[in-house]
Amino acid sequence: DLILLFILKFVKMRSLAIGAIMLAAGLPFALIGETLANQPHAHPAFILLPIFLGYNLVLARACHLETDFNNYWSLLKLPNLLFGIGSGIVLAAGNLAVAWVIGQTVPAAPEKPLTIAALAITLAIVSWEEFWFRGMPANYLAERFSPFISCGLVSVIFVLMHALNPQIVLWRAAPGLFLGGMSLCLSFFVFKSIWFPVGLHFAWNQFGESLGTRLFGLGFPTNALWGENGLVPNILLAAFVIALGVILFKRGKQT
């Protein structure tokens, strides 16, 4: 019995390590993208996007996850992109509504007009990030453990990777990054589609802080309640994570 238990633990630890290595293997691609950012006429997002798509194709073949790839990445599920965008806008609107109700909005300078090019770049950026963190490594871990363990590990690595960004104070950003990673990963499994988290990530990046400014000329004060690392956005994200977790848990009990 002890030998069998040891073997099972070894297999589990090995699977965790392989999943983590799969995620970490995307780092060199991201660093290449940063290097290419200095080149004219070559936005790195449009280079990284096909690279990470190809990476997922390779992992799907190597790990025998072709069925998951065909299911989660099906172009027939592209409408989930719009559902994800809608959900992200609802989260941003909730953030704005709370600020307005408690009298915490302030006048804000107008945002730059949205252009098709700017929207396309944002979509490309969030897409390659989702292809990296909510792709085949997440499926690999979910099959060997559970979607919840998969999302937890992926979200922790998602936070740690942001330590490489010198513009981020990690200890302040970590709660929001972890909750954001969990919401994106759980929605990946709830909707069984890569396109929902892509849409959610896109809407949050594009409108999370600027929705009020664009609609009403209102912004948020610079205090602990608001902004990327604010308490209120994190509470809303936590509620969203709990809702997704409950849906996924109930679905698991029914199967």
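The values are calculated or read from the model by the stated rules, or taken from the named source; none is laboratory data. None of the values given here were measured: they were computed from a predicted structure. For neighbour counting, all protein chains shown are included, and Cβ atoms are generated from backbone atoms with ideal geometry for every residue, glycine included. Areas reflect the complete protein model, heavy atoms only, side chains present, ligands, DNA and RNA absent. Shrake-Rupley method; radii C 1.70, N 1.55, O 1.52, S 1.80 Å.
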Fill in: Residues located in region 183-211, provided they are open to solvent by 20 Å² or more (accessible area, probe 1.4 Å), in a loop (DSSP other than H, G, I, E, B) and at pLDDT below 95
Glu209
Fill in: Residue that is farthest from Ile18 (Cα to Cα) [pool: residues in region 72-87 that are open to solvent by less than 60 Å² (accessible area, probe 1.4 Å) and in contact with a Gly (Cβ under 9 Å, 6 or more places away or on another chain)]
Gly86
Worksheet item: Is there a residue being farther than 30 Å from Thr213 by Cβ and in contact with a Lys or Arg (Cβ under 6 Å, 6 or more places away or on another chain) anywhere in region 42-64?
Response: no
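May I ask you to say which residue of Val90, Val98 is of a type outside the set (Lys, Arg) and open to solvent by 70 Å² or more (accessible area, probe 1.4 Å)? Show your work before the answer.
On the way: Val98 fails: open to solvent by 70 Å² or more (accessible area, probe 1.4 Å).
Checking each option against the conditions leaves just Val90.
Please pick out the residue among Phe148, Phe69, Phe131 that is surrounded by 12 or more Cβ atoms within 10 Å (Cβ to Cβ), within 21 Å of Leu236 (Cβ to Cβ), at pLDDT 95 or above and not aliphatic (A, V, I, L, M).
Phe148
Table: residues versus (1) farther than 18 Å from Phe202 by Cβ; (2) out of contact with any strand residue (DSSP E or B) (no Cβ under 6 Å at 6 or more places or on another chain); (3) of a type in the set (A, V, I, L, M, F, W, C).
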position	(1), (2), (3)
Phe46	no, yes, yes
Asn56	yes, yes, no
Ala62	yes, yes, yes
Asn70	yes, yes, no
Trp73	no, yes, yes
Gly84	no, yes, no
Val90	no, yes, yes
Fill in: Qualifying residue in region 135-143 (condition: open to solvent by less than 20 Å² (accessible area, probe 1.4 Å) and of a type in the set (Phe, Trp, Tyr))
yes
Worksheet item: For Asn229, are the conditions met, namely being surrounded by fewer than 21 Cβ atoms within 10 Å (Cβ to Cβ) and within 17 Å of the chain's Cα centre (by Cα)?
Response: yes
Worksheet, complete the sentence: Of the residues in region 171-197, those that are within 9 Å of the chain's Cα centre (by Cα) and basic (Lys, Arg) number 0
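Check region 212-228 and report whether any residue there is among the basic types (Lys, Arg) and not in a helix (DSSP H, G or I).
no
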Worksheet, complete the sentence: Considering region 232-252, residues that are among the β-branched types (Val, Ile, Thr) and under 28 Å from Glu111 (Cα atoms), and then whichever is surrounded by the fewest Cβ atoms within 10 Å (Cβ to Cβ), we arrive at Ile235
